[in-house]
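Asks: Here it is, the structure, as structure tokens.
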Amino acid sequence: MESSWLPESFRLDHKRVRAPYVRLAGVKETPRGDRIEKYDLRLAQPNQEALDTGSLHTLEHLLATYLRGHLEGVVDVSPMGCRTGFYLVVLGEPGPEKVLEAFRASLEQVAQHAGAIPGASELECGNYRDHNPEGARAWAQRVLAQGLRVQETVEISG
């Protein structure tokens, strides 16, 4: 299969990146000239660990809420199928440093979150029983303690 057809994440050398990090994973321009940036918000080291589904699901709800308060133009926050982090899609050009600061501030809010999880009722959520607020807080605390950084894209060579 032609490598240009592969998703960007399939060309990333997962053995050479070091989590936790923020990475600019792609840029698209719409026909009207709007810029869309996609970010890799990685919490767990690929192929060494993964978030449990409940923690990942709760983090998805909380980050989708909190990131919008720190960053303009958030289109989507989606968990990675490998359960090591999230994709963030943003309209505009915030840049990795600004996304890193928004991610850090959002994780600080997750680490302190008490009470109901936004959008986690049977009416609002397709799997409302699968949440782990304690696990989400623990992952946020862990990432903050380890320290976030901007990761450059490291493509698979040869």
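The values are calculated or read from the model by the stated rules, or taken from the named source; none is laboratory data. From a predicted model like this one, the values you see are computed outputs, not experimental measurements. Every residue, glycine among them, receives a Cβ derived from its backbone with ideal geometry; neighbour counts consider all protein chains shown. Accessible surface areas use protein heavy atoms only, side chains included; no ligands, DNA or RNA. Shrake-Rupley method; radii C 1.70, N 1.55, O 1.52, S 1.80 Å.
Asks: Among the candidates D40, D52, which residue alone is surrounded by fewer than 15 Cβ atoms within 10 Å (Cβ to Cβ) and touching a helix residue (DSSP H, G or I) at 6+ places or on another chain (Cβ under 8 Å)? It would help to see each step written out before you state the result.
Replies: Working: D40 fails: surrounded by fewer than 15 Cβ atoms within 10 Å (Cβ to Cβ).
Criteria check complete, one pass: D52.
Asks: Check R35, R11, R42, R23 and return the single one that is over 11 Å from the mean Cα position of the chain (by Cα) and either modelled with pLDDT of 95 or more or aromatic (F, W, Y) (or both). Break it down into steps so the answer makes sense when it comes.
Replies: Numbers: R11 fails: either modelled with pLDDT of 95 or more or aromatic (F, W, Y) (or both); R42 fails: over 11 Å from the mean Cα position of the chain (by Cα); R23 fails: over 11 Å from the mean Cα position of the chain (by Cα).
Only one candidate passes the filter, namely R35.
Asks: Which residue pairs have Cβ atoms closer than 7 Å, lie 6 or more positions apart in sequence or on different chains, and pair a first residue in the range 10-25 that is in contact (Cβ under 8 Å) with a residue 40 or more places away in the chain with a second residue that is among the β-branched types (V, I, T) and open to solvent by 70 Å² or more (accessible area, probe 1.4 Å)?
Replies: Pairs that qualify, where the first residue is in contact (Cβ under 8 Å) with a residue 40 or more places away in the chain and the partner is among the β-branched types (V, I, T) and open to solvent by 70 Å² or more (accessible area, probe 1.4 Å), are R11/I156; D13/I156.
Asks: Quick one: H70 ticks every box in (1) more than 23 Å from R18 (Cα to Cα); (2) crowded, with 20+ Cβ neighbours inside 10 Å except a single one, so which number is it?
Replies: Condition not satisfied by H70: (2).
Asks: Need the failing condition index for D130 against (1) open to solvent by 60 Å² or more (accessible area, probe 1.4 Å); (2) in contact with a His (Cβ under 9 Å, 6 or more places away or on another chain); (3) in contact (Cβ under 8 Å) with a residue 40 or more places away in the chain, just the number.
Replies: Every listed condition holds for D130 apart from (1).
Asks: Still on this structure, I have one more. Just a yes or no: is a residue in the range 62-81 in contact with an Asp or Glu (Cβ under 6 Å, 6 or more places away or on another chain), of a type in the set (V, I, T) and modelled with pLDDT of 95 or more?
Replies: To start, the set of residues in the range 62-81 that are in contact with an Asp or Glu (Cβ under 6 Å, 6 or more places away or on another chain) comprises 79.
Now drop any that are not of a type in the set (V, I, T), which leaves none.
No - not one qualifying residue is present in the range 62-81.
Asks: Kindly indicate the residue of the range 99-117 that is open to solvent by 50 Å² or more (accessible area, probe 1.4 Å) and more than 14 Å from the chain's Cα centre (by Cα) and also nearest to A64 (Cα to Cα) among those meeting that condition. Spell out the reasoning first.
Replies: Taking the range 99-117 first, the residues open to solvent by 50 Å² or more (accessible area, probe 1.4 Å) are 101, 104, 108-109, 112, 114-116.
Then keep just the ones that are more than 14 Å from the chain's Cα centre (by Cα); that gives 108-109, 112, 114-116.
On the way: E108: 14, Q109: 12, Q112: 16, A114: 16, G115: 16, A116: 15 Å.
Restricting to residues being open to solvent by 50 Å² or more (accessible area, probe 1.4 Å) and more than 14 Å from the chain's Cα centre (by Cα), the top hit is Q109.
Asks: Which number in (1) in a loop (DSSP other than H, G, I, E, B); (2) under 22 Å from V17 (Cα atoms); (3) modelled with pLDDT of 95 or more marks the one condition that G158 misses?
Replies: (3)
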